[in-house]
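Beneath this line is the structure, given in structure tokens, with notes to follow.
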Amino acid sequence: MHPRKIKTSRGWDNQLILQLMLLPALLTLLIFSYLPMFGIVIAFKDYNVLDGLFGGAWVGFDHFREMFGDERFHSALRNTLAMSSIKLVVTFLAPVLFALILNELPLARFKKWTQTLTTLPHFLSYVIIATLTMIFLDPKGIVNGLLQSLGLTNGPIEFLAEPGHFWTLGASLDLWQETGWGAIIYLAAITGINTEIYEAAKVDGAGRLRTIWHINLPAIRSAIMVLLILNIGSLIYGGSNFNQSYLLGNVFNRDTSYVLGYYTLDNGLLQMRYAFATAVDLFQSCISLVLLLAANWTAKKINGSNIF
Amino acid sequence: MRSMRKSKTSFARFIGAFLIAGLLAGCSSNNGDSAPSESAATGSASPSPSESAAASPQAPSTEPISFDMFVNFSWYALNWSDPAAKNITEKTGVTLNITKPVSDDNQKMNIMLSNRELPDFVLLDKADPALQRMIEGEMLYSLEELIDQYAPEMRDVLPKEALANYKSSDGKTYALVSFIEGEQYVEAARKYNALIGSNQPTWSIRQDYWEEIGKPDIGTPDAYIEALEQIQTAHKGKIGFYTNANNIPNAKHLTDGGIVTLGTSAMFGVQALVKEGEALKSGLRSAEYQNVIKFLNTMANKGLLTKDSYIDSKDIFTQKINNGDVVSYAWTIGDGTKVPADNSNTAYAVMAPFPSYKQVRDGSGWTAIAIPKTNKNPERAIQFLSFLSSEEGHKLTKWGVEGDAYVDAAQGPHYHMVDGKATYLPEYWADKQKDWSGVAEKNGLSEYWLTANSTWWNGPEWDASDSQFAEYNKMFGDHVEYNPSIAGITLDSTTPIGIVEKKIIDLYSSYYSKIIFAKDESTAMSLYAEFIEKADKLGLADVEQAWTDIYKAKNANQ
């Protein structure tokens, strides 16, 4: 028997087992992510629960026409994009800065505590966050009491009743909730840096800021780019937008708090108009894909750090 | 080395085989799950009862049989394992397997509908759109058909409205509605001073503040506003009038009461539907509604009404009242006498109604139970419902054990007869009210209300000698009206007219806060006129026409 042949057959043998181990994951993906995509067809149908996916008449782009002709849709779209963009600007770089600062802390124990405390809010249910927000920001609540006793404001600020405050409020909540959590990935990247590089920098006479600029930042640059691209891709879904809109939105701030997620729920799912809800979501998915590809393409052009 | 590699390979093989086996097992257990429902589905092809031999009215069978019941309420707590359930099973042979959804979004219900795989019973809100879907899809037995075949005695037991007021467009009734407050009920409730219960919507006022200003008359809106102004000069930080109306934008229909009351509950007598000749009009056009917005606008401009009422969640609402942060509030009799945390020597008191107070009840009940054609034994199913609907059934589901010497909630006895009416022993009723769900777990009473007849169900709780409630009934009794003809007038949200209705609700949501908090009354009224104009443009008149059509069709059917 030729020795080489034995080797390849054993290699194939190994491969087969390994490939089979991958199979469940592939099937899961197929069953739960790809097959349901077929359901998108109802966006183009007059769907009725009783008729199922295959029943119902084709209506072409009727649902989309209704959506684009709807004033509420336009206001929801505007609010979603505005809120997401503000959040991107305000909250995107915060975790990077936070990770860099945290990394410079000398006391390991203090650092650990800080990291734990800032990560915790990420795990709170939004219902709790919203209730706490409402209690603290009440006209007679603790925040207004503090502002007034410090003489910063005359009367109470109506944080929740004033439409002009809603976007800032949303971004601030995100900043508070996600900064610690977002820093984890950057901290991990920084921890992975070879200590010899730092020693070399020291020998070359680099100070703290220089070390950060020339070693730490480049080390996390690709992570920053990947997250930025993903974030831009999800601008139209906008992470916490729905939770904030649903739980903190009210009749007074409706002009700024009504976002697409709420629109879909309110006019689609709750009205049992599943086809319409699917149409709105399909629209969002398409925009999301375009944004993602555009961001990726731009990143590639600028500095070559694209995802795919 | 070689053997090690070999063992590694075989380990990998083992893992691979294990994972695949797990996957296959997953698939096969899926098949296993769907097997019984398939057989249930084929059950629908079995001959309808009218085709089978006419049943002779013999005593119903008590052979053990188990029915699957889907309860479309995520909060439903019981599972047929308590003493009440055991007693019912003993009497009827029926055991219920109760399942319920994880959340109240109709997801599970809709999956069952689209697969056409329904259990033996479905229990849901009588206005749940899923019920209409089941009827349209011809998935249910009609009650008349089953009752005439297998349980003719049921006609004498049910409140007469049950088979008269809930007919589908084909003239048949497809679900049995619970808690109907029909003629028989209203008469009995009046007799026992029980027309007004603890859930009656009312306004309350803080007694210490009211006494400080000499307890003036507050029986009209003007007198009330004047008193609040006086109180507020001494208690600056307090909210004059507080209500919980944050949920209006989530209203599903323009016929939801909250739309027109804007948190004033029944005080101004405003109704969502107003009858004008033969047509139904939206209450948003009515003079009563205009009184509501004028009143609220005045209150807001005098600083007696704040935005809190339209923002705060129910939790925060409750908390502010418990703290004593408000001078008066709108809630119910049961929650109308709270003790404020900042002064335990006083309490809120339920205010007498304004002359305009009017509550129109449709008395149309709450839940509906339906028997799908997939039911494995429709004969036993209807006989089971017949038993539960009877007085005997209510003894087992609600009244408990008869006797006079109370031991505890589990053993009873729970009730005795007073003047021919079953009445709870005061000791038991006190225990029950102290810990409603805890007692329910012990004895299962008060929980299996699938076919509750309000007269028999509520009867044991009525105590004509309760002076407090006698007083409340005197205060509010004459302000309550029954009008079953306006029940169930709701538009299907998936139809074009339903979409118009939703658009008007959203338009309203962008207007009412501006109307209430407008800088003066004339601005408020011009905003109101602007809203009505835009609503008409969206098709409010068409919505009203659709209501009128449903109304006429319903009343022609009866």
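Checking each residue in the stretch B:294-306 for being within 14 Å of chain A (Cβ to nearest Cβ) and over 26 Å from B:Asn343 (Cβ atoms) picks out B:Leu296, B:Ala300.
Look through B:Ala535, B:Ala524, B:Ala546, B:Ala518 and report the one residue that is in contact with a helix residue (DSSP H, G or I) (Cβ under 9 Å, 6 or more places away or on another chain), surrounded by 14 or more Cβ atoms within 10 Å (Cβ to Cβ), outside any helix (DSSP H, G or I) and assigned by TED's automatic domain parsing to the domain that holds B:Gly258.
Working: B:Ala535 fails: outside any helix (DSSP H, G or I); B:Ala524 fails: outside any helix (DSSP H, G or I); B:Ala546 fails: outside any helix (DSSP H, G or I).
When all the criteria are applied, what remains is B:Ala518.
Restricting B:Tyr310, B:Tyr348 to those that are in contact with a strand residue (DSSP E or B) (Cβ under 8 Å, 6 or more places away or on another chain) and either surrounded by fewer than 22 Cβ atoms within 10 Å (Cβ to Cβ) or aromatic (Phe, Trp, Tyr) (or both) reduces the list to B:Tyr348.
Cβ-Cβ contacts under 8 Å between residues 6 or more apart (or on different chains), taken from a first residue in the stretch B:295-317 that is farther than 17 Å from B:Thr261 by Cβ and free of Cβ contacts under 8 Å to residues at least 40 places away in the same chain to a second residue that is part of a helix (DSSP H, G or I) and polar (S, T, N, Q), are listed as B:Asp315/A:Thr131; B:Ile316/A:Thr131. Of everything listed in (1) modelled with pLDDT of 95 or more; (2) in contact with a helix residue (DSSP H, G or I) (Cβ under 7 Å, 6 or more places away or on another chain); (3) within 14 Å of chain B (Cβ to nearest Cβ), the single unmet condition for A:His74 is (2).
Filtering the stretch B:475-486 for residues that are over 24 Å from the mean Cα position of the chain (by Cα), touching a residue at least 40 places away in the same chain (Cβ under 8 Å) and crowded, with 17+ Cβ neighbours inside 10 Å leaves a non-empty set.
Residues are listed down the side, and each one gets a yes or a no for (1) under 24 Å from the mean Cα position of the chain (by Cα); (2) assigned to a helix (DSSP H, G or I); (3) over 27 Å from B:Gly182 (Cα atoms):
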residue: B:Asn110; (1), (2), (3): yes, yes, yes
residue: B:Leu146; (1), (2), (3): no, yes, no
residue: B:Pro152; (1), (2), (3): no, no, no
residue: B:Arg155; (1), (2), (3): no, yes, no
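Can you tell which of A:Asn48, A:Asn79 is under 25 Å from B:Lys502 (Cα atoms) and modelled with pLDDT under 85? None of the others qualify; the one that does is A:Asn48.
Quick one: in the stretch B:430-455, of everything that is among the small types (Gly, Ala, Ser) and assigned to a loop (DSSP other than H, G, I, E, B), which residue is modelled with the highest pLDDT? Give the derivation first.
Step one: list which residues in the stretch B:430-455 are among the small types (Gly, Ala, Ser), which gives B:430, B:437-438, B:440, B:444, B:446, B:452, B:454.
Now restrict to residues that are assigned to a loop (DSSP other than H, G, I, E, B): B:444, B:446, B:452.
Numbers: B:Gly444: 89, B:Ser446: 88, B:Ala452: 94.
In this case the residue turns out to be B:Ala452.
Here the helices (runs of 4 or more DSSP H) wholly within the stretch A:186-274 that include at least 2 residues being over 30 Å from B:Ser309 (Cβ atoms) and in contact with a Phe, Trp or Tyr (Cβ under 8 Å, 6 or more places away or on another chain) are A:217-233.
Restricting the stretch B:398-415 to residues that are surrounded by fewer than 16 Cβ atoms within 10 Å (Cβ to Cβ) and touching a Gly at 6+ places or on another chain (Cβ under 9 Å) leaves a set whose member that is farthest from B:Ser81 (Cα to Cα) is B:Gly403.
Only one of the listed residues (B:Lys514, B:Lys519, B:Lys503) is among the basic types (Lys, Arg) and more than 10 Å from chain A (Cβ to nearest Cβ). That residue is B:Lys519. Tell me which residues, restricted to the stretch B:549-558, are surrounded by 13 or more Cβ atoms within 10 Å (Cβ to Cβ) and not polar (S, T, N, Q). The answer is B:Asp549, B:Ile550, B:Tyr551, B:Lys552, B:Lys554. Pairs meeting the criteria (first residue in the stretch B:318-342 and acidic (Asp, Glu), second residue at pLDDT below 90, beta carbons under 9 Å, at least 6 apart or on different chains) are B:Asp325/A:Lys140; B:Asp325/B:Gly237; B:Asp335/B:Ser198. When the residues of the stretch A:137-168 are narrowed to those that are within 13 Å of another protein chain (Cβ to nearest Cβ) and among the aliphatic types (A, V, I, L, M), which ends up farthest from A:Tyr126 (Cα to Cα)? This residue is A:Ile157.
The set of residues in the stretch B:91-108 being closer than 21 Å to B:Lys126 by Cα and either of a type in the set (Ser, Thr, Tyr) or assigned to a loop (DSSP other than H, G, I, E, B) (or both) consists of B:Thr99, B:Lys100, B:Pro101, B:Val102, B:Ser103, B:Asp104, B:Asp105, B:Asn106.
Here B:Lys236 clears all of (1) in contact (Cβ under 8 Å) with a residue 40 or more places away in the chain; (2) farther than 30 Å from B:Thr548 by Cα except the condition numbered (1). When A:Phe64 is tested against (1) under 15 Å from A:Met272 (Cα atoms); (2) away from every other protein chain (no Cβ under 11 Å), just one condition goes unmet, and that condition is (1). The listed residues are A:Leu152, A:Leu169, A:Leu160, A:Leu173, and the only one of them that is outside any helix (DSSP H, G or I), under 21 Å from A:Thr256 (Cβ atoms) and not hydroxyl-bearing (Ser, Thr, Tyr) turns out to be A:Leu160. Within the set B:Ser493, B:Ser465, the sole residue that is within 14 Å of another protein chain (Cβ to nearest Cβ) and assigned to a loop (DSSP other than H, G, I, E, B) turns out to be B:Ser493. With respect to the stated conditions, B:Ala341 is more than 25 Å from the chain's Cα centre (by Cα), among the small types (Gly, Ala, Ser) and farther than 21 Å from B:Glu229 by Cβ.
Taken together, the criteria exclude A:Pro106 from residues that are within 14 Å of chain B (Cβ to nearest Cβ), part of a loop (DSSP other than H, G, I, E, B), out of contact with any strand residue (DSSP E or B) (no Cβ under 6 Å at 6 or more places or on another chain) and without any contact (Cβ under 8 Å) to a residue 40 or more places away in the chain.
Any residue at all in the stretch B:488-508 that's out of contact with any Gly (no Cβ under 6 Å at 6 or more places or on another chain), farther than 29 Å from B:Asp125 by Cβ and of a type in the set (Asp, Glu)?
For the stretch B:488-508, residues out of contact with any Gly (no Cβ under 6 Å at 6 or more places or on another chain), farther than 29 Å from B:Asp125 by Cβ and of a type in the set (Asp, Glu): absent.
Any residue in the stretch A:237-246 that is closer than 26 Å to A:Asp138 by Cβ, within 14 Å of chain B (Cβ to nearest Cβ) and surrounded by fewer than 22 Cβ atoms within 10 Å (Cβ to Cβ)? Yes; the residues of the stretch A:237-246 include at least one that is closer than 26 Å to A:Asp138 by Cβ, within 14 Å of chain B (Cβ to nearest Cβ) and surrounded by fewer than 22 Cβ atoms within 10 Å (Cβ to Cβ).
Working only within the stretch B:157-167, note down all residues that are assigned to a helix (DSSP H, G or I) and either crowded, with 23+ Cβ neighbours inside 10 Å or at pLDDT 95 or above (or both). Outline the logic, then answer.
Applying the first criterion (assigned to a helix (DSSP H, G or I)) to the stretch B:157-167 yields B:157, B:160-163.
Correct list: B:Ala162 only.
Yes or no: A:Gly261 within 14 Å of chain B (Cβ to nearest Cβ), surrounded by 17 or more Cβ atoms within 10 Å (Cβ to Cβ) and among the small types (Gly, Ala, Ser)? Answer is no for this residue.
The values are calculated or read from the model by the stated rules, or taken from the named source; none is laboratory data. The model shown is predicted, which means the values in this text are computed figures rather than measured ones. With ideal geometry, Cβ positions are generated from the backbone for all residues, glycine too; neighbour counts draw on all protein chains shown.
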